[in-house]
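Everything below concerns the one structure shown next.
The values are calculated or read from the model by the stated rules, or taken from the named source; none is laboratory data. Source: prediction; values computed, not measured. Here the Cβ is made from the backbone with ideal geometry for all residues, glycine too, and neighbour counts use every protein chain on show. Accessible surface is based on the protein model in full, side chains and every heavy atom, while ligands, DNA and RNA are left aside. Shrake-Rupley method; radii C 1.70, N 1.55, O 1.52, S 1.80 Å.
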Amino acid sequence: MTSEQASHTVETPGLPELPEVRQHLVSPAEPVPARVVGSRICTAARKAAGFVRHVEIDVSGTPLEGAWRAGQSFGVVPPGTDENGRPHKLRLYSIASPTGGERADGKVLATTVKRTIEELPGDHRLILGLCSNYLCDLQEGDTVHLTGPAGKRFLLPTDPSAHDFVFIATGTGIAPFRGMLMDLAAAGYEGKATLIMGAPYRTDLLYDDELRTLDRDHAWFTYRTAISREITENQPRPMYVQDRLEADAETLRPMLASERTLVYICGIAGMEIGVFRTLWTLLPPELRTQYLRITEDVPPDPALWDRRMIPRQIKPTKRVFMEVY
Ligand SMILES: Cc1cc2nc3c(=O)[nH]c(=O)nc-3n(C[C@H](O)[C@H](O)[C@H](O)COP(=O)(O)OP(=O)(O)OC[C@H]3O[C@@H](n4cnc5c(N)ncnc54)[C@H](O)[C@@H]3O)c2cc1C
């Protein structure tokens, strides 16, 4: 076994300690009613390729009140039954709010919902995803049934000041990072955090104004974008998030080399392999194992890596946090 191919049981310096969180206070068998208190488009332009909404829900008086941390998810149970007469299954949505919620009182949580819209190959019927469209259609004052909270690993560490952060998001993967960044700002964080946000078009960037303001007002925060289907004035070629990682290597390499740094990845399933390839090539052998270990049968050339090799053969260390769906 080479030093690069050590098992993930090998100690990694800089391992974070995570807070204890509450989970499953409300079970899918008995979802609690909550009230929608806001819903707005959160793409950079009102007319964007994707339909994405920031939906705010008042959970006061339910076990969810004050019970979540940024990074966790909650369940939504759409009304009605499936073709077999069984209640619809719940869908999970990331909490986009900071730990205290949208109003710092633990009562209102928000999520970032993308309407699932698809044309079927073959008979070209239009499919509207059940729960995402239900959530996006809800009006202020409507009732929605929720479960949760869920998730105990995709969290900021107990002591964020001991770490720097590289957050990498595609699409609605921005949701947990919005909450985490708001938590960092509220805690007077003074380290370093970079967010790379990926979207197909500039108009599809989410919370773009908020993030630009955060970048302008806080020396610790850097907001970078990667637009994959068009060129922009700062981006002479289309870029995926891993291309942005590479293009910003001069500033990111020293950050990634530091034992303080944690890498968070959230968004479209499949994004993680591109990010892992770039992390591997960007860092010298003695530093890349802070984030990834590979088994002996994995090709040394990352271009030959396959997503199915994660996590058995390509093993992220505990300094990598990943939530893809
Ligand atoms: C931990 C986690 C966090 C998440 N966070 C978010 C988030 O913050 N924001 C977000 O938007 N999503 C999030 N998701 C995804 C979310 O849970 C849902 O999967 C998503 O909204 C789609 O659900 P839906 O009910 O709208 O689509 P569904 O109705 O479940 O449809 C999904 C797909 O199934 C297929 N399909 C459905 N009906 C048919 C049919 N009749 N014929 C053929 N094919 C069909 C289509 O391919 C369709 O696109 C998260 C998922 C996880 C696991």
### Flag if Q242 is open to solvent by less than 20 Å² (accessible area, probe 1.4 Å) and either within 15 Å of the ligand (Cβ to nearest atom) or out of contact with any Phe, Trp or Tyr (no Cβ under 8 Å at 6 or more places or on another chain) (or both)
no
## Note on the structure
Going through segment 130-139 in order, the residues found to be near the ligand (Cβ under 9 Å from one of its atoms) and either among the polar types (S, T, N, Q) or at positive phi (or both) are S132, N133
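Output the number of residues of segment 96-144 satisfying the condition of being in a loop (DSSP other than H, G, I, E, B) and among the β-branched types (V, I, T). Talk me through it step by step, then tell me what you get.
The initial filter retains those residues of segment 96-144 that are in a loop (DSSP other than H, G, I, E, B), namely 96-107, 115-116, 120-125, 129, 138-142.
With among the β-branched types (V, I, T) added as a condition, the list becomes 99, 116.
Within segment 96-144, residues that are in a loop (DSSP other than H, G, I, E, B) and among the β-branched types (V, I, T) number 2.
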### Residue identified as in the same structural domain as E272 (by TED's automatic domain parsing) and within 21 Å of R69 (Cβ to Cβ) among A226, A193
A193
### Task
Would you tally the residues in segment 148-163 being in a strand (DSSP E or B) and open to solvent by 10 Å² or more (accessible area, probe 1.4 Å)?
1
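Just the residues that are polar (S, T, N, Q) and over 19 Å from L155 (Cβ atoms), please, taken from segment 278-325.
Going residue by residue through segment 278-325, those that are polar (S, T, N, Q) are 278, 281, 289-290, 295, 313, 317.
Hits for segment 278-325 are T278, T281, T289, Q290, T295, Q313.
Restricting attention to segment 97-129, which residues are near the ligand (Cβ under 7 Å from one of its atoms), surrounded by 10 or more Cβ atoms within 10 Å (Cβ to Cβ) and either farther than 15 Å from M180 by Cβ or of a type in the set (A, V, I, L, M, F, W, C) (or both)? First the steps, then the outcome.
The initial filter retains those residues of segment 97-129 that are near the ligand (Cβ under 7 Å from one of its atoms), namely 111-114, 116, 118, 120, 127, 129.
Filter once more, keeping what is surrounded by 10 or more Cβ atoms within 10 Å (Cβ to Cβ): 111-114, 116, 118, 127, 129.
Matches in segment 97-129: V113, K114, T116, E118, I127, G129.
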#### Entry: Positions within segment 73-96 being more than 9 Å from the ligand (Cβ to nearest atom) and within 29 Å of D208 (Cα to Cα), in sequence order
F74
### Message
Going through M182, M197 one at a time, which residue ends up being open to solvent by less than 60 Å² (accessible area, probe 1.4 Å) and within 16 Å of the ligand (Cβ to nearest atom)?
### Response
M197
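Quick one: in segment 209-223, of everything that is in contact with a strand residue (DSSP E or B) (Cβ under 8 Å, 6 or more places away or on another chain) and of a type outside the set (A, V, I, L, M, F, W, C), which residue is least open to solvent (accessible area, probe 1.4 Å)? Give the derivation first.
Step one: filter segment 209-223 for residues in contact with a strand residue (DSSP E or B) (Cβ under 8 Å, 6 or more places away or on another chain), giving 211-212, 214-215, 220-223.
So of that shortlist, the ones also of a type outside the set (A, V, I, L, M, F, W, C) come out as 212, 215, 222-223.
On the way: R212: 123, D215: 54, T222: 57, Y223: 20 Å².
The qualifying residue least open to solvent (accessible area, probe 1.4 Å) is Y223.
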### Query
Residues of segment 50-72 being out of contact with any Lys or Arg (no Cβ under 8 Å at 6 or more places or on another chain), surrounded by fewer than 22 Cβ atoms within 10 Å (Cβ to Cβ) and not acidic (D, E), which ones?
G61, T62, P63
### Task
Working carefully through the options R91, R103, find the one that is charged (D, E, K, R), in contact with a helix residue (DSSP H, G or I) (Cβ under 6 Å, 6 or more places away or on another chain) and under 28 Å from R153 (Cβ atoms).
R91
### Task
Go through segment 28-49 and give me each residue that's open to solvent by 30 Å² or more (accessible area, probe 1.4 Å), touching a strand residue (DSSP E or B) at 6+ places or on another chain (Cβ under 6 Å) and not in a strand (DSSP E or B).
P28, P31
### Task
Name the single residue, out of those in segment 185-194 being out of contact with any strand residue (DSSP E or B) (no Cβ under 6 Å at 6 or more places or on another chain) and assigned to a loop (DSSP other than H, G, I, E, B), that is least open to solvent (accessible area, probe 1.4 Å).
Y189
### Message
Quick test of your reading of the structure: T203 fulfils all but one of (1) within 17 Å of L214 (Cα to Cα); (2) more than 16 Å from the ligand (Cβ to nearest atom); (3) open to solvent by 10 Å² or more (accessible area, probe 1.4 Å). Name the failing condition by number.
### Response
(1)
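Please work out which residue is nearest to S97 (Cα to Cα), limiting yourself to segment 73-84 and to residues that are assigned to a loop (DSSP other than H, G, I, E, B) and open to solvent by 30 Å² or more (accessible area, probe 1.4 Å).
Top of the filtered list is P79.
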### Task
Could you tell me whether D142 is within 24 Å of G179 (Cβ to Cβ), open to solvent by 10 Å² or more (accessible area, probe 1.4 Å) and either more than 6 Å from the ligand (Cβ to nearest atom) or not assigned by TED's automatic domain parsing to the domain that holds W68 (or both)?
yes
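Working only within segment 285-294, note down all residues that are of a type outside the set (D, E, K, R) and under 27 Å from the mean Cα position of the chain (by Cα).
So in segment 285-294, the residues of a type outside the set (D, E, K, R) come out as 285, 287, 289-292, 294.
Listed by number, the residues that qualify are L287, T289, Q290, Y291, L292, I294.
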